[in-house]
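The values are calculated or read from the model by the stated rules, or taken from the named source; none is laboratory data. Keep in mind it's a predicted model, so treat the numbers as computed, not measured. Cβ coordinates were reconstructed from backbone atoms using ideal geometry, including for glycine residues, and neighbour counts include every protein chain displayed. Note: areas computed on protein heavy atoms with side chains; ligands, DNA, RNA excluded. Shrake-Rupley method; radii C 1.70, N 1.55, O 1.52, S 1.80 Å.
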Amino acid sequence: MNKKLIILILSVIVIIAVIITGRYVFYQGYLRMNYPSFDEYPIHGIDISHHQIHIDWDNLDKEAVQFVFIKATEGGTHKDSLFSCNREQAKRHNIPVSAYHFFTFCKSGKEQALNFIESVPNDSTDLPPSIDLEFGGNCKKENQVDNIIQEITEYINITERHYNKRVILYSTNEFYEKYLIGQFPDNPIWIRDILAKPHLPNNREWTFWQFANRGILKGIKTYVDLNVFNGSRSDFEKFKNANLNI
């Protein structure tokens, strides 16, 4: 066999092996695109739902889990089966909690806000409530309400009046670019970007960054989303304790 052909075949085999290995370690959570340092972002945290099953809170790395976003509700009626348990355990370990609602596009903002309020205690020691805005896992287009921004606005207004805190807006880049540019300028942004450090349009500041979706932490049997807060420890304390004085 021609020597050049042998080298070419071996090169192709090596490239394929590297790609397969790279995909494996990435999807197994051993390799990430982002590794934000504790020097730049001293406040790290996670977001969880029933998908993380039962967490061993006593064995969590307290540096990696300085706050937690916990799913409480979805749509007009769904309630996360482990919300109360997760919230109770987080508070027992003095981990600040933000309860979040997965917003669906086929229910009114009012109906969804009432579902959230019914499920989440009004506890001023917690972080502000959050709303998850993304296309993934959402309603079919033919079932969507006519004006999504109007419904989101109604949800935010009702929720903020009840908890007296600004609602945190979680968003993917795709949803942000389609719906949120120039919208809700006073609300903190929690942005998802697992590929690179986020840069929002119009130089808007983000408050939380979900930098990985397949994190591995002691005490959690499944993959878990990893996040950082954009600021110092004193900034975090101010953010945690800020009220609207409505």
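Solvent-accessible area of residue 145, probe 1.4 Å, all protein chains present, reported in Å² to the nearest ten, please.
It works out to around 40 Å².
DSSP loop chymotrypsin sites (Phe, Trp or Tyr not before Pro) in region 67-141 with at most 16 other Cβ atoms within 10 Å of their Cβ, which ones? Please list the in-between numbers first.
Numbers: sites: 67, 69, 83, 100, 102, 103, 105, 116, 135; in loops: 67, 103, 105, 135.
When the chymotrypsin sites (Phe, Trp or Tyr not before Pro) of region 67-141 are filtered for loop state and at most 16 Cβ neighbours within 10 Å, 135 remain.
Express in nm, to one decimal, how much length is gained between residue 85 and residue 196 on full extension, taking 0.36 nm for each residue of separation and deducting their alpha carbon distance. Spell out each step's value before the answer.
Values: separation 111, 0.36 × 111 = 39.96 nm, distance 3.31 nm.
Stretched out fully, the residue 85 to residue 196 stretch lengthens by 36.6 nm.
Can you tell me the accessible area per residue over the chain, all protein chains present, probe 1.4 angstrom, in square angstrom? Present the calculation step by step, with values, prior to reporting the outcome.
Details: 13050 Å² over 246 residues.
Accessible area per residue, the chain: 53 Å².
Among 48, 70, 81, which residue has its Cα positioned farthest towards the positive end of the charge dipole of region 40-124, with +1 placed on the Cβ of Lys and Arg, -1 on the Cβ of Asp and Glu, and the dipole taken about the Cα centre?
Going by the Cα projections, it comes out as 81.
Work out, step by step, the length gained on full extension between residue 204 and residue 33: first 0.36 nm times the residue separation, then minus their alpha carbon distance; give nm to one decimal. Please list the in-between numbers first.
Numbers: separation 171, 0.36 × 171 = 61.56 nm, distance 2.27 nm.
Stretched out fully, the residue 204 to residue 33 stretch lengthens by 59.3 nm.
Set the Förster distance to 22 Å, then compute FRET efficiency between residue 153 and residue 173 from the Cβ-Cβ distance, nearest 0.05. Provide the component values of the computation, followed by the final result.
Values: r = 21 Å, r/R0 = 0.97.
In this case the efficiency is close to 0.55.
Can you give the alpha-carbon Rg of the chain over 2.2 N^0.38 Å, where N counts its residues? Please list the in-between numbers first.
Values: Rg = 20.4 Å, N = 246, 2.2 N^0.38 = 17.8 Å.
It is 1.15.
Tell me the angle of helix 148-163 to the major Cα principal axis of the chain, expressed in degrees between 0 and 90 and rounded to the nearest ten.
Its long axis makes an angle of about 60 degrees.
In the chain, which Cys residues have no partner Cys with a Cβ closer than 4.7 Å?
If one checks each Cβ against the other cysteines of the chain, 85 turn up with nothing under 4.7 Å.
Counting Lys and Arg as +1 and Asp and Glu as -1, each charge on the Cβ, what is the dipole of the chain about the Cα centre in debye, to the nearest 20?
Numbers: 27 positive and 29 negative charges, 165 e Å.
It comes to approximately 800 debye.
Given a 1.4 Å probe and every protein chain left where it sits, what share in percent of the accessible area of the chain is carbon and sulfur?
Reported share for carbon and sulfur atoms: 53 percent.
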